[in-house]
Amino acid sequence: MTISPDTKNWTWVTERACPECGFDASAITLDDVPGLLRDAVALWPAILERDDVATRPDPHTWSALEYGAHVRDVIDVFTERFARTLDEDDPLLENWDQDATAAASRYDEQDPRAVSAQLVTSGEALATTLAAIPQSQAGRTCLRSDGSRFTVDSLARYFIHDVVHHLWDVSRPLP
């Protein structure tokens, strides 16, 4: 079963609430993100222990295992993006093809316990990093490969929406 690639430009989530998951990244700041990230990653171990963790709810939706592996990798990609934005002047952030990564890394065949441990460890490390960013650095900028400009603050809000949204994906009742 092949998942259709997500081709939406999600950058608008920094400006208004997401109509799907309800998260409003425009209502938070960089200072809120570490706690939100810690809260979110704390929920994943129970999700990844479910008996149906590797079962796709339908042919067009990832399993909880695939979402968990994706969130783990999102955390890793953004860890690097934050490091570059803080260390370099206005870096150009390369495109990350999440769908190609899911296929190449065989998300559907990964060990849920390993994914859980990696996700929690990476999430806690990034939360610690984000909590240590001084307010004077929140305005540092980066440029995404599609031309979208972010500050450290808006990148953090964009990032945390992704993490929260995928918790909603694996928690919502399906039709």
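The values are calculated or read from the model by the stated rules, or taken from the named source; none is laboratory data. Keep in mind that this is a model prediction, so the values were computed, not measured. Quick reminder, even Gly has a Cβ in these numbers, built from the backbone with ideal geometry, and neighbours come from all protein chains shown. What goes into the accessible areas is simple: the full protein's heavy atoms, side chains included, and nothing from ligands, DNA or RNA. Shrake-Rupley method; radii C 1.70, N 1.55, O 1.52, S 1.80 Å.
Highest mean packing comes first when the peptides 134-143, 149-158, 67-76 are listed by Cβ atoms within 10 Å, giving 67-76, 149-158, 134-143.
Rounded to the nearest 20, the Cβ-based charge dipole of the chain about its Cα centre (Lys and Arg +1, Asp and Glu -1) stands at 220 debye. Our coupling estimate for segment 47-52, obtained by passing each phi through the Karplus curve with A = 6.51, B = -1.76, C = 1.60 and θ = phi - 60°, is 5, 7, 9, 5, 4, 9 Hz, Gly and Pro reported as x. In the context of the full set of protein chains, residues of segment 72-175 present 49 Å² of accessible surface per residue (probe radius 1.4 Å, heavy atoms only).
In the chain, a dipole from Cβ-located charges (positive for Lys and Arg, negative for Asp and Glu) runs towards its positive end, and of VAL152, ALA54, ALA100 it is VAL152 whose Cα lies farthest in that direction.
Amide H contacts of LEU93 (H built 1.01 Å from N, in plane; Pro and chain starts excluded): LEU143, ARG144, SER145 sit under 5 Å, all sequence-distant by 5 or more or on other chains. With Rh defined as the Kirkwood radius, the inverse of the mean 1/r over Cα pairs, the Rg/Rh of segment 74-116 is 1.10.
Give me the compactness ratio for segment 80-175, meaning the Cα radius of gyration over 2.2 N^0.38 Å. Could the numbers behind the result be given before it?
On the way: Rg = 15.5 Å, N = 96, 2.2 N^0.38 = 12.5 Å.
Cα-based Rg divided by the globular estimate yields 1.24.
Packing, taken as the mean count of other beta carbons within 10 Å per residue, orders the peptides 92-101, 25-34, 114-123 from highest to lowest as 114-123, 25-34, 92-101.
Residue-wise HN-Hα couplings along segment 33-43, as the Karplus relation 6.51 cos²θ - 1.76 cosθ + 1.60 with θ = phi - 60° gives them from phi, are 5, x, x, 5, 5, 4, 4, 5, 5, 5, 7 Hz; Gly and Pro carry x.
Out of every Cα-Cα pair that segment 29-78 contains, those further apart than 15 angstrom amount to 54 percent.
Go ahead and estimate [θ] at 222 nm for the chain from helices alone: -39,500 (n - 2.57) per DSSP H run with n ≥ 4, summed, over the residue count, rounded to 500. Spell out each step's value before the answer.
On the way: 5 runs with 87 residues, N = 175.
It lands at -16500 deg cm²/dmol.
Would you work out the relative contact order for the chain, in percent, from Cα pairs under 8 angstrom that are 6 or more residues apart?
Details: 217 pairs, mean separation 61.8, N = 175.
Relative contact order here is 35 percent.
Between the C-alpha center of segment 89-125 and that of segment 47-64 there is a gap of 17 Å.
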